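Below: the structure, in structure tokens.
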Amino acid sequence: MVKRNKNLAKLQAGYLFPEINRRKNALLEKSPDAKVISLGIGNTTEPLTPHITEGLKKACEGMGTVGGYSGYGDEQGMTELRAKIAEKMYNGIVDADEVFTSDGAKCDCGRLQLLFGSEVSIAVQDPAYPVYVDGSVIAGATGEYNKDKELFDNIEYMSCTPENDFFPDLDILPRTDLIYFCSPNNPTGAVATKEQLKKLVDFAKKNKSIILFDAAYSEFVKDDSLPKSIFEIDGAREVAIEINSFSKPIGFTGVRLGWTLVPKELKFEDGSLVRDDWNRIMTTVFNGASNIVQLGGLAALDDEGLKEMREVIDFYMENARLIKEGLDSVGVKSYWTGNSPYIWAYFPGRKSWDVFSEILEKAHVVTTPGSGFGPAGEGFVRFSAFGHRDDVIEAVKRVKEKLNL
Ligand code: PL4
């Protein structure tokens, strides 16, 4: 018999999002006529925009011609797309050969965990996107689960709450090899300021740590004074890797396209380039993002595509505003900075899963329980702004009417 991977056995519960779906389906079994609206999983709902669709269509049609057909491409991504990402998403402050396109930020998280292996120590924001912890557990990098503390031994949980303006207290944070940091943050929606990120970069530099900066929601940053990329910060090129995605800004959640940026200045202890090892990982376990999809990504980065991207984002941000307004009107304390598609609602003294269940059972609205993102998320639930407008309006109405919040 084959022994089970002992790291998988350390995972404490099923992955958060399938569990939410399971509970939604349980409600539907009980009440088959319930018109359930999901503001839970951050999943895009609006159709692809015309110009980007056209880009994908042309790419697909090209594949049906002798001249336009292409097979395997470079694992690192199409040269033209890498250059366009460097130019349009980073205003040229990074080089094209530092950008590696991929099938999405989540998949790159997993490959980064493979890159760093099982010998690294880790810090994560608490609360945070569960892939950082669960993926590190699977990679064997988290040590044992401490039942008393209900935490993993080898992880520093950086508490990010309203009390500290959702930014960790770096003065008390022990050194770790890796620091996962997501801004705009999932789930809190908080965006770190330039000053805060500078502190984080200086902290990483002092400790010779590497920051894994997840910028999957960077295009939702509306306030020009806030950084969209960690590479806007002096010194970041020596200490950070950035993950990003086309999923949320242009609805490529199902189409799949993202990228990871590894600067040439980033080195391991022995002086070798992290970028070279990332290149080795990508060329070994990845065979390149779909060529059709990469051409769709290129269409998204020309003038018309970028205009459509802004419209998509504005649409979801108006949803977010409506949710925030609805919660405010019934006196639910919630956090939304106007720079993210998530609203972080607080229910003092209550368990997140209880609030989740109450909203699901009474209003037939799916949210995400804050505790699923880490211990500091207890008492919160996350509302996602990804939804059709009518659904969002209806969900807000039901939450206001049906709940005894
Ligand atoms: C549900 C901070 C959503 N099944 O689409 P990708 O792989 O390029 O990006 C995934 C991703 C990366 N980084 C952050 C994210 O929040 C996400 C997507 N998160 C959510 O509701 O929190 C979708 C989750 C999906 C999943 O597990 O990723």
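A few comments on the model shown:
- Residues satisfying the stated conditions in the stretch 1-39, i.e. under 30 Å from A299 (Cβ atoms) and crowded, with 17+ Cβ neighbours inside 10 Å: S38, L39
- Selection status of A385, among the aliphatic types (A, V, I, L, M), in the same structural domain as N21 (by TED's automatic domain parsing) and closer than 15 Å to S340 by Cβ: yes
Residues checked against (1) surrounded by fewer than 18 Cβ atoms within 10 Å (Cβ to Cβ); (2) at pLDDT 95 or above; (3) away from the ligand (no atom under 13 Å from the Cβ); (4) part of a loop (DSSP other than H, G, I, E, B):
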| position | (1), (2), (3), (4) |
| --- | --- |
| E75 | no, yes, yes, yes |
| R82 | no, yes, yes, no |
| A86 | no, yes, yes, no |
| V94 | no, yes, yes, yes |
| L114 | yes, yes, yes, no |
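- The condition of being touching a residue at least 60 places away in the same chain (Cβ under 8 Å), among the polar types (S, T, N, Q) and more than 18 Å from Q113 (Cα to Cα) holds for only one of T188, T193, that being T188.
- Qualifying helices (runs of 4 or more DSSP H) (wholly inside the stretch 245-322; at least 3 residues being over 22 Å from the mean Cα position of the chain (by Cα)): 274-285, 291-300
- When D202 is tested against (1) out of contact with any Gly (no Cβ under 9 Å at 6 or more places or on another chain); (2) at pLDDT 95 or above, only condition (1) is not met.
- V381 meets each of the listed conditions (1) part of a helix (DSSP H, G or I); (2) of a type in the set (V, I, T); (3) within 25 Å of G251 (Cβ to Cβ); (4) touching a strand residue (DSSP E or B) at 6+ places or on another chain (Cβ under 7 Å) apart from (1).
- Meets criteria (among the basic types (K, R), surrounded by fewer than 19 Cβ atoms within 10 Å (Cβ to Cβ) and assigned by TED's automatic domain parsing to the domain that holds N25) for R321: yes
- Failed item, numbered, when F100 is tested on (1) within 15 Å of the ligand (Cβ to nearest atom); (2) closer than 20 Å to I313 by Cα: (2)
- Within the option set F203, F167, being of a type in the set (A, V, I, L, M, F, W, C), surrounded by fewer than 24 Cβ atoms within 10 Å (Cβ to Cβ), more than 28 Å from S334 (Cα to Cα) and outside the structural domain of A13 (by TED's automatic domain parsing) holds for one residue only, F203.
- Counting the residues of the stretch 218-260 that are buried (at least 21 other Cβ atoms within 10 Å of the Cβ), within 22 Å of R280 (Cβ to Cβ) and away from the ligand (no atom under 14 Å from the Cβ) gives 2.
The values are calculated or read from the model by the stated rules, or taken from the named source; none is laboratory data. Model, not experiment: these values are computed from the prediction. No Cβ is skipped: glycine too gets one built from the backbone with ideal geometry, and neighbour counts run over all protein chains shown.
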